[in-house]
Amino acid sequence: MFGWLPLNPPSQMNLNPRHTQLLDEVRAHGPQTIEALAERFGVTLQTVRRDVQRMAEAGFLSRFHGGVRLPGSTTENIAYRQRQAMQADAKTRIARAVARRVPHGCSLIMNIGTTIEAVARELQHHRGLRVITNNLHIASLMSTHPDCEVIVAGGVVRGADQGIVGEATVDFMRQFKVDIGLIGISGIEADGTLRDFDYREVKVARAIVEQSREVWLAADHSKFNRPAMVELARLDDLDVVFTDQPPPPPFSDLLAAGNVECVLAGSDADHH
C-alpha cells in the first residue's frame, strides 16, 4: 500500500542522544510542552523546537499547539523504519548479550521484531545453529551463514515488516520443540502482561512460547510501561529477560517473584 511519506524519512534520521532522551521523556511522562522540555534538558526553546520539528517530520513525535506527544496508540505499532532507529544502541548491546548466551549447536525460534533482528546479526559466527523463524529479514540475514540451517515458516507475509503471520504459521511452529524461543515484544505492562498489537502475530508468539524449552525475551527499557492491545503472555512465562537498564518498579519484583533471570546488557560485560 502506498502511503504518505514524511519529508525526512526515519531511516535517514539518526537520533542523537538528546533526541533519544527527549523521546524517552515523552514516552515516560506523556505529552510535554516545549517549555518543560527545554527546562528538563537545559537547552533553549529554539533548540527544542528544532529537535521536535525534525522528529515530527520523521514520524517519531506528533506536535500540538505548544507541545509534543507520541504519535502511537494502544492499537497501532510504530512504523518499522522508525522502530529500527529507536533505541538502536540499546538493541545492539542487548543483541550482543543474547548472542553471548546462545550456545553453539542449539536450536532457536526467532520471531518478529527489530531487536530480534539485531540478535540475528550478532549470531553470524555461531556454529551449528538451527534457526526457525517467521521473519523474512532474519531468514535473509541467517541464510548467508555457512554453518546455520534456516527454516522459514509458511503463512501470510506482512508487507510492513516482512513478518509472517496467520493460522498456517501457528500450525507450522507447533511441529517443533526447540532449545530457545527468542521473542521480542511491543509493551510490558505493570501487571506483568506482555503485549503486542497484531492478534495474528501474538498467536504465533504464543505457539513459540509453548514449543520452547526456554523462553528468552529481548526488550529495551522503553518497552516497560508501554501499552499495547493484545496479551501475549506473562512475565513469569519467561526464563530470561535481556534489557539495557534496570527495570523500573514494579517489574524487578515481578521478575523476582516469577524466578525470571534479568540480564542487563552493558557495553563490556553483562550483569544481573
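The values are calculated or read from the model by the stated rules, or taken from the named source; none is laboratory data. This one's a predicted model, so the numbers in the text were calculated from it and none came from an experiment. Counting neighbours? That spans all protein chains shown, and the Cβs are built from the backbone with ideal geometry, glycine included.
Yes/no matrix, rows are residues, columns are (1) assigned by TED's automatic domain parsing to the domain that holds residue 29; (2) at pLDDT 95 or above; (3) on the phi > 0 side of the Ramachandran plot:
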site: 185; (1), (2), (3): no, no, no
site: 209; (1), (2), (3): no, yes, no
site: 221; (1), (2), (3): no, no, no
site: 225; (1), (2), (3): no, no, yes
site: 234; (1), (2), (3): no, yes, no
site: 243; (1), (2), (3): no, yes, no
site: 252; (1), (2), (3): no, no, no
site: 269; (1), (2), (3): no, no, no
- Message: I'm trying to understand the selection: among the residues of segment 162-188, which are farther than 20 Å from residue 129 by Cα, buried (at least 18 other Cβ atoms within 10 Å of the Cβ) and touching a strand residue (DSSP E or B) at 6+ places or on another chain (Cβ under 8 Å)?
- Response: 163, 164, 165, 166, 169, 185, 186, 187, 188
- Message: Given the criteria of a type outside the set (Lys, Arg) and farther than 20 Å from residue 207 by Cβ, does residue 108 qualify?
- Response: no
- Item | Search result, residues across segment 235-254 that are out of contact with any helix residue (DSSP H, G or I) (no Cβ under 9 Å at 6 or more places or on another chain) and touching a residue at least 24 places away in the same chain (Cβ under 8 Å) | 239, 250
- Task: From (1) touching a residue at least 12 places away in the same chain (Cβ under 8 Å); (2) within 26 Å of residue 261 (Cβ to Cβ); (3) surrounded by fewer than 18 Cβ atoms within 10 Å (Cβ to Cβ); (4) not aromatic (Phe, Trp, Tyr), pick out the condition that doesn't hold for residue 113.
- Result: (3)
- Query: Any idea which residue in segment 7-24 is farthest from residue 227 (Cα to Cα), counting only those that are under 18 Å from the mean Cα position of the chain (by Cα) and modelled with pLDDT of 75 or more?
  - Reply: 15
- Scope segment 197-232; condition without any contact (Cβ under 8 Å) to a residue 40 or more places away in the chain and either under 14 Å from residue 163 (Cβ atoms) or of a type outside the set (Lys, Arg) (or both); matching residues: 199, 202, 203, 207, 209, 210, 214, 215, 217, 224, 230, 231
